[in-house]
Each structure stands twice: as C-alpha cells, then as structure tokens.
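Input: a single structure, listed below in structure tokens.
Just so it is clear, none of the values below were taken in a lab; they were calculated from the coordinates. For clarity, every value in this text was computed on a predicted model and none was experimentally measured. Every residue, glycine as well, gets a Cβ built from its backbone with ideal geometry; the counts of neighbours run over all protein chains shown.
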Amino acid sequence: MLRFNGLVLAGGKSSRMGQDKAMLRVNEEPLLMRCQRILIETGAKQVMVSRNDGNSQHIADIFTDRGPLGGIHAAIEHDASSLPLLVLPVDLPLVSSDILRKLVEEGFSQQISCRYKKHNLPVFVFRPAELLTSLYHTLMSNQDLSVGRFFARFPIQELPLINRKSLTNTNTLAEWQAIQLNPLYENIL
C-alpha cells in the first residue's frame, strides 16, 4: 500500500467568485468535503486542510496572503510524518480519484514529484520536506509566488492528461455556472 497524505488548498479569499468557493455544492456536498473525500478515496492516509478560517482542525498559513505556496508551506511545516503529499485545490469540481491516483502511482514508481502537463495543481510532492527551505525563502521574499515556477526548480514529472476538462478550475461565478453545463459534471452527480 502506498503511504501518502493529502492536502486540500482552501485558504483563498474567493474574491473573484464573490462567495466562499469551498462551500459551493456539488450534489449537496460542499467542494471542501468533496475534495477531502476524493483524497481519501485516492488512498491518502491523512487529509489536511489549508484554510485560514480559525477552525482548529484546519492549518492556517504561516505566511499570509501568499497564495497556494503559503498553504503548501504551512502543511509541510505542520506534518511531521514526511510522507509524500498530494496537493489538491478546492476549486476543481470535476476532479476524480482516478486522475489523482495516476499522479500518486507515477510518483511512487519513479520516486519523483508529479503533475499534469499544463496544470500546476494538483501536484504530488514525493519528498515534501526537501521543499521547506526553498518555500521559506520564496515566501519571505514575497516575489514570484507562482506554483508552476516554484516547482519547475525541482525534478518533476509531467504526465499527459487525457481529459483536460477534468481539471477545469472555477474562480468566478461564470466559470462555476459553465462547469455545471459540462457533461463531466453530470457524471459526478
């Protein structure tokens, strides 16, 4: 059995959406709970939530207002297990455990971090502790907080994605409404 942890990135302000993305519902299930469930279905030993909401069950950013890298940093700092980490943003309503499982299996097989081509997230981080120093310096400098450019500094395997729509990101109300018209959305209900 492959041992890894999961992380849901749900700490954003959702300013472009106009409401909390993590609480948007797919078939009455909030996206946050859906992501947690999918990570468990994928095989995550433990699922952490990066969210700046004061909930003691969630991991708050150490470096505030730094985007996904701030959440990843806080989770790695928090997790003493040093297990590989599968990072999933909360705003991918069409993602499935099958899509995530491919990242995990390839990561373990090649002993390397993995993501899909042309998608910075989700990402499977094979050795999360090795990122801490670089994450710290990147967040301290508050410059170039791009997830893609950060991970490009490390060995990472990019996998082909057969159905790119399965990783469609929803940042605005228009994107959320459009995703509900996608045939994949019907399959997850």
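Quick look at the numbers
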| item | result |
| --- | --- |
| Test: residue in segment 24-31 that is within 20 Å of L121 (Cα to Cα) and in a helix (DSSP H, G or I) | yes |
| L161, sole failed condition from (1) part of a loop (DSSP other than H, G, I, E, B); (2) closer than 20 Å to V8 by Cα; (3) in contact (Cβ under 8 Å) with a residue 60 or more places away in the chain | (2) |
| Lone unmet requirement of (1) surrounded by 18 or more Cβ atoms within 10 Å (Cβ to Cβ); (2) out of contact with any Cys (no Cβ under 7 Å at 6 or more places or on another chain); (3) closer than 26 Å to L161 by Cα; (4) not hydroxyl-bearing (S, T, Y) for P30 | (1) |
| Condition check for A74: without any contact (Cβ under 8 Å) to a residue 40 or more places away in the chain and of a type in the set (A, V, I, L, M, F, W, C) | yes |
| Counted residues, segment 103-141 - those being among the β-branched types (V, I, T), outside any strand (DSSP E or B) and in contact with a strand residue (DSSP E or B) (Cβ under 7 Å, 6 or more places away or on another chain) | 2 |
| Some residue of segment 174-184 being of a type in the set (A, V, I, L, M), exposed (fewer than 12 other Cβ atoms within 10 Å of the Cβ) and either touching an Asp or Glu at 6+ places or on another chain (Cβ under 9 Å) or part of a helix (DSSP H, G or I) (or both) | yes |
| Any hit, segment 4-27, residues being closer than 30 Å to S109 by Cβ and loosely packed, with under 15 Cβ neighbours inside 10 Å | no |
| Residues (among the β-branched types (V, I, T), over 12 Å from the mean Cα position of the chain (by Cα) and in a loop (DSSP other than H, G, I, E, B)) located in segment 59-90 | I62, T64 |
| Candidate set from segment 36-45 (those that are touching a residue at least 60 places away in the same chain (Cβ under 8 Å) and assigned to a helix (DSSP H, G or I)); member that is nearest to the chain's Cα centre (by Cα) | L39 |
| Count - residues of segment 91-102 that are of a type outside the set (D, E) and in a helix (DSSP H, G or I) | 5 |
